[in-house]
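The values are calculated or read from the model by the stated rules, or taken from the named source; none is laboratory data. Predicted model only: the values in this text are computed from it and were never measured. All Cβ positions, glycine included, derive from the backbone under ideal geometry; neighbour counts span all protein chains shown. SASA here: full protein model, heavy atoms, side chains in, ligands and nucleic acids out. Shrake-Rupley method; radii C 1.70, N 1.55, O 1.52, S 1.80 Å.
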Amino acid sequence: PGIRMPRARVYRCHLGNLSTATLPPADAPVLVYPMFMQSGSSSGIRLTTAIRAAYTARTEQPQLYYQPVLGASPWLARAAAKLIREQLSRHPKAGVLVVAHGSQMPEPPPEPSLFCRRLRNLLPGTEIALGYFNQTPEAAQILAGMQSQHVLLLPFLLTEGIHTGRDLPPPEQAAACNKSLTRLPVVANLL
């Protein structure tokens with residue numbers, strides 16, 4: 001989002017196939033856009049090391065320029081706010097619980113908090129809360145403490161997968177707190 005580039009000059013691969021992937025030519029600067037929701041070891045050290053190794057194996061050393069991870073994009077918050085506004089037309093007093101992946105780092109990555117700050121600016125008066133799975137504050141505890149009776153659950157995740165099926169607060173948990181829950185698609189579906 002936000003990058004204007006002819007399709008023929010965009011190369012896609014994932015961290016696991018960099019050694020065999022078709023990479024951009026090394027005769028010009030290469031812009032690396034990490035499709036990760038949060039910064040951390042995979043989007044940092046592991047990605048940088050794997051890209052350098054892939055080019056070194058081809059005896060090439062391009063100038064590499066790294067963009068912030070997808071989760072830091074202001075475009076993402078604007079797209080999420082549009083989706084939330086549609087839901088607020090059905091549930092005007094709903095709150096939003098953003099649930100992000102926890103981290104092994106000593107402190108949480110900044111992208112989920114930044115995303116929530118942007119949402120608060122775009123949706124003034126709407127309760128916006130942030131919780132994690134595999135890290136504190138846990139999403140279930142945040143859900144229980146929210147003032148809104150109806151909560152829009154927004155997974156701050158790149159894809160539907162194990163975490164969306166296993167680690168998000170279920171409707172039964174919301175009901176135990178006298179709340180109802182509407183689960184929104186993962187944020188990356190807004191692309």
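With r defined as the distance between the Cβ atoms of T22 and K93 and R0 fixed at 41 Å, what FRET efficiency is calculated, to the nearest 0.05? List each step's numbers first, then the result.
Values: r = 50 Å, r/R0 = 1.23.
Step by step, r from the Cβ atoms, then E = 0.20.
Placing unit charges on the Cβ atoms of the charged side chains and taking the dipole of the chain about its Cα centre, the candidate lying farthest along the positive direction among M5, F156, P171 is M5. Taking only C-alpha pairs under 8 Å that are 6+ residues apart, what is the relative contact order of the stretch 98-162 in percent? The value is 43 percent.
Carbon and sulfur together cover what percent of the accessible area of the stretch 45-129 at a 1.4 Å probe radius? If you can, show how the numbers build up before the last one.
Working: 2600 of 4710 Å².
Heavy-atom surface of the stretch 45-129 belonging to carbon and sulfur, 1.4 Å probe: 55 percent.
Normalised by the number of residues in the stretch 1-93, the mean separation of alpha-carbon contacts (under 8 Å, six or more apart) gives a relative contact order of 33 percent.
Applying 0.36 nm per residue to the separation of A57 and M105 and subtracting their alpha-carbon distance, the gain on full extension is 14.2 nm. Label separation (T136 vs R117): 2.4 nm, computed from points 7 Å beyond Cα along the C-beta direction. Summarising the amide proton neighbourhood of Y132: residues at separation of 5 or more, or on other chains, whose placed amide H is nearer than 5 Å comprise A100, E138, A139. For the chain, averaging the sequence separation of C-alpha pairs within contact (under 8 Å, six or more residues apart) and dividing by the residue count gives a relative contact order of 20 percent. For the stretch 139-155, the residues whose amide N sits under 11 Å from a probe point set 7 Å from the Cα of S180 along the beta carbon direction are 149-151. In the chain, helical runs assigned H by DSSP with n ≥ 4 each contribute -39500 (n - 2.57); averaged across all residues and rounded to the nearest 500, the mean residue ellipticity at 222 nm is -9000 deg cm²/dmol. Per residue, the solvent-accessible area of the stretch 39-79 (1.4 Å probe, heavy atoms of protein chains only, all protein chains present) comes to 54 Å².
Rounded to the nearest 0.05, what FRET efficiency is calculated for T49 and T164 with R0 set to 25 Å and r the Cβ-Cβ distance?
0.30
Using only side-chain charges placed at the Cβ, +1 for Lys and Arg and -1 for Asp and Glu, the dipole size of the chain relative to its Cα centre rounds to 560 debye.
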